[in-house]
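The values are calculated or read from the model by the stated rules, or taken from the named source; none is laboratory data. Since the structure is predicted, the reported quantities are computational estimates derived from the model, not experimental observations. Please note: Cβ atoms are built from the backbone with ideal geometry, for glycine as well, and neighbour counts cover all protein chains shown. Accessible surface areas use protein heavy atoms only, side chains included; no ligands, DNA or RNA. Shrake-Rupley method; radii C 1.70, N 1.55, O 1.52, S 1.80 Å.
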Amino acid sequence: MADRIELKGLVARGFHGCFDHERRDGQDFSCDITLWLDFRGAASTDDLADTVDYGAVAQRAYGIMTGEPRNLIETVATEIAEALLADDDARAQSGLAPLLHAVEVTIHKPHAPIPLEFGDVAVTARRSRKGRAK
């Protein structure tokens, strides 16, 4: 599917990391999210109910990023991707067709505790509806 919604640079203060100072002091993380879906239904109705509300996506990701501290940003990225697909599953359980074909979440940790000069550390989790338990 070629249609996609992209949310880039969502910033949130989190307390993720393996070191005590990361858990104590926290740091800013940023998140990029790409959602693959088919826009044809939404384009024909011009109705938000027929597409993904990217404001709700941002709130969901922000809640996870600022939520329970995790050792790994890999865990944070995976939790966001899985939560977004689960939200779409809930839509389907209410009788509406699921919208998402796949989700990709990148978590950036630009202040990772690396004693060298670097631009960014990032991990990406990609999950798709294909292969998910029905």
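Scanning segment 45-67 for residues that are in contact with a helix residue (DSSP H, G or I) (Cβ under 8 Å, 6 or more places away or on another chain) and not aliphatic (A, V, I, L, M) returns Asp50, Thr51, Arg60. Taking each residue of segment 63-78 that is without any contact (Cβ under 8 Å) to a residue 40 or more places away in the chain and looking for partners that are part of a helix (DSSP H, G or I) and open to solvent by 50 Å² or more (accessible area, probe 1.4 Å) with beta-carbon atoms closer than 7 Å, six or more apart or interchain, yields Ile64/Glu79.
Within segment 8-43, if we keep just the residues that are closer than 22 Å to Pro98 by Cβ and among the hydrophobic types (A, V, I, L, M, F, W, C), the residue that is farthest from the chain's Cα centre (by Cα) turns out to be Ala43. Residues in segment 73-109 that are open to solvent by less than 50 Å² (accessible area, probe 1.4 Å) and in a loop (DSSP other than H, G, I, E, B) were compared, and the one that is farthest from Asp32 (Cα to Cα) is Leu99. Residue under question is Gly63, and the condition is that it be at pLDDT 95 or above and open to solvent by less than 70 Å² (accessible area, probe 1.4 Å); does it hold? When the stated conditions are applied, Gly63 passes them.
Considering only segment 1-28, how many residues are out of contact with any Gly (no Cβ under 8 Å at 6 or more places or on another chain), touching a residue at least 12 places away in the same chain (Cβ under 8 Å) and assigned to a helix (DSSP H, G or I)? Of the residues in that region, 2 qualify. The single condition among (1) assigned to a helix (DSSP H, G or I); (2) open to solvent by less than 40 Å² (accessible area, probe 1.4 Å) that Cys31 does not satisfy is (1). State whether the residues of segment 90-108 include one that is closer than 21 Å to Glu6 by Cβ and out of contact with any Ser or Thr (no Cβ under 9 Å at 6 or more places or on another chain). Taking every residue of segment 90-108 in turn, at least one turns out to be closer than 21 Å to Glu6 by Cβ and out of contact with any Ser or Thr (no Cβ under 9 Å at 6 or more places or on another chain).
The C-beta contact set for segment 88-112 (first residue among the charged types (D, E, K, R), second residue part of a loop (DSSP other than H, G, I, E, B) and surrounded by fewer than 18 Cβ atoms within 10 Å (Cβ to Cβ), distance under 7 angstrom, 6+ apart or interchain) comprises Asp88/Pro98; Asp89/Pro98; Arg91/Pro98; Lys109/Val121.
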